[in-house]
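Written below as structure tokens is the structure these notes are about.
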Amino acid sequence: MTPESAPTIQQLLAFYLEAGVDCALTDEPVNRLSDPDIMSITREAAPAQPVRTIPAPPAAIPAARAEAPAAPEAAILSAREAARTASSLEALRALMETFDGCALKSTATRLVFADGNPQARIMFVGEAPGREEDIEGLPFVGRSGKLLDRMIAAIGLDRSSVYIANVIPWRPPGNRTPTPQETQICLPFIQRQIELVNPDVLVTLGNPSTQTLLSTREGIMKTRGRWFDYDTGTRTIRALATFHPAYLLRSPSYKRMAWQDLRAIAKALEQVSA
Ligand code: URA
């Protein structure tokens, strides 16, 4: 039998990229198989296997997990406390830059706070930054961002007349779905951001943003196009759920419905200013 040749570093990196692993958590690789506790459990549980050499991952390949975050409850409380003290968007951004309660911060390149006009009458909120957003530090700058720009342009607006943010301001590694704990930790920040921007119309993009901000368990097929009341604590804002642009890229037949939602948004803006 011909022995399998070990993959080259390029092949391994290509494999990791393909699997969505594109950021390093530590400078040094961690061989978790050398942990004696794990190995003793594995040996007891697993039947004897012929020994096979596993190539060590190259340096700077992600370790399995980041540093242990603060207990979720403590982190949620401290996010709430911190968000409450922010009296302006600048103050909110500054305290989020120093907040260490969310483990996503340690794997993300930077905070993705917002883009657009803080005086805007309309605010769009997505789920979490992706790779391009993490690099540029701005929300919705990748492929789905380009579609969002076209959706906004369809109602005569652009980034200078809208405000854009995400529920989660740090990119989850490999664009994985944020955990419920991560979402709960970040929630006080986006809630305070909405309160400080104080738009006339809030638009939630896709299921995660809609369910988190509008406190519904219904899916986007049921919620899209529906108006909700969003209570900031000081004011009630009209909120509309619509499809996430990334979903529209995958399922273009829903663009027609998204267009109806955009028309409803434009009409609501006219009514508020009338
Ligand atoms: N998807 C989101 O939900 N937000 C972004 O900023 C980019 C993609």
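The values are calculated or read from the model by the stated rules, or taken from the named source; none is laboratory data. A quick note: this is a predicted structure, and the numbers were derived from the prediction, not measured. When we count neighbours, we look across all protein chains shown, and the Cβ atoms used for this are built from the backbone with ideal geometry, even at glycine. Keep in mind that these areas ignore ligands, DNA and RNA; they rest on the heavy atoms of the full protein, side chains included. Shrake-Rupley method; radii C 1.70, N 1.55, O 1.52, S 1.80 Å.
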| said: Name the single residue that is surrounded by the most Cβ atoms within 10 Å (Cβ to Cβ) among those in region 196-215 being without any contact (Cβ under 8 Å) to a residue 40 or more places away in the chain and within 25 Å of ASN117 (Cβ to Cβ). | reply: THR210
| field | Which listed residue, of ILE155, ILE135, is in contact (Cβ under 8 Å) with a residue 12 or more places away in the chain and farther than 24 Å from GLN260 by Cβ | value | ILE135
| said: Can you find, within region 123-137, the residue that is nearest to HIS244 (Cα to Cα) among those that are more than 8 Å from the ligand (Cβ to nearest atom) and within 13 Å of the chain's Cα centre (by Cα)? | reply: VAL125
| message | Cβ-Cβ distance below 6 Å, separation of 6 or more or different chains: which pairs start in region 85-103 with a residue that is among the small types (Gly, Ala, Ser) and end on one that is part of a helix (DSSP H, G or I)? | response | ALA86/LEU92; ALA86/LEU95; ALA86/ARG192; GLY101/ALA75; GLY101/SER78; GLY101/ALA79; GLY101/ILE185
| query | in a loop (DSSP other than H, G, I, E, B) and open to solvent by less than 30 Å² (accessible area, probe 1.4 Å) - does that describe any residue in region 229-245? | reply | yes
| note | Exactly one of ILE152, ILE194, ILE164 is within 16 Å of the ligand (Cβ to nearest atom), in contact with an Asp or Glu (Cβ under 7 Å, 6 or more places away or on another chain) and more than 15 Å from LEU111 (Cβ to Cβ), and that one is ILE152
| field | region 96-111 - residue that is polar (S, T, N, Q) and either surrounded by 21 or more Cβ atoms within 10 Å (Cβ to Cβ) or over 17 Å from ARG192 (Cα atoms) (or both) and, of those, farthest from the ligand (Cβ to nearest atom) | value | SER106
| Is it the case that THR177 is of a type in the set (S, T, N, Q) and either touching a Phe, Trp or Tyr at 6+ places or on another chain (Cβ under 7 Å) or within 16 Å of the ligand (Cβ to nearest atom) (or both)? | yes
| message | For region 216-224, check the following and say yes or no: at least one residue is without any contact (Cβ under 8 Å) to a residue 60 or more places away in the chain, polar (S, T, N, Q) and surrounded by fewer than 16 Cβ atoms within 10 Å (Cβ to Cβ). | response | no
| request: Mind telling me which of the residues ALA120, ALA114 ends up being within 11 Å of the ligand (Cβ to nearest atom) and either at pLDDT below 95 or touching a strand residue (DSSP E or B) at 6+ places or on another chain (Cβ under 8 Å) (or both)? | output: ALA114
| remark: Note on ARG256: of the conditions (1) assigned to a helix (DSSP H, G or I); (2) surrounded by 19 or more Cβ atoms within 10 Å (Cβ to Cβ), unmet is (2)
| So GLY142 fits all but one of (1) open to solvent by 90 Å² or more (accessible area, probe 1.4 Å); (2) at pLDDT 95 or above; (3) not polar (S, T, N, Q); what number is the exception? | (1)
| task | May I ask you to list pairs of residues, at least six apart or on different chains, whose Cβ atoms are under 7 Å apart, with the first in region 240-264 being of a type in the set (Lys, Arg) and the second being assigned to a helix (DSSP H, G or I)? | result | LYS255/LEU248
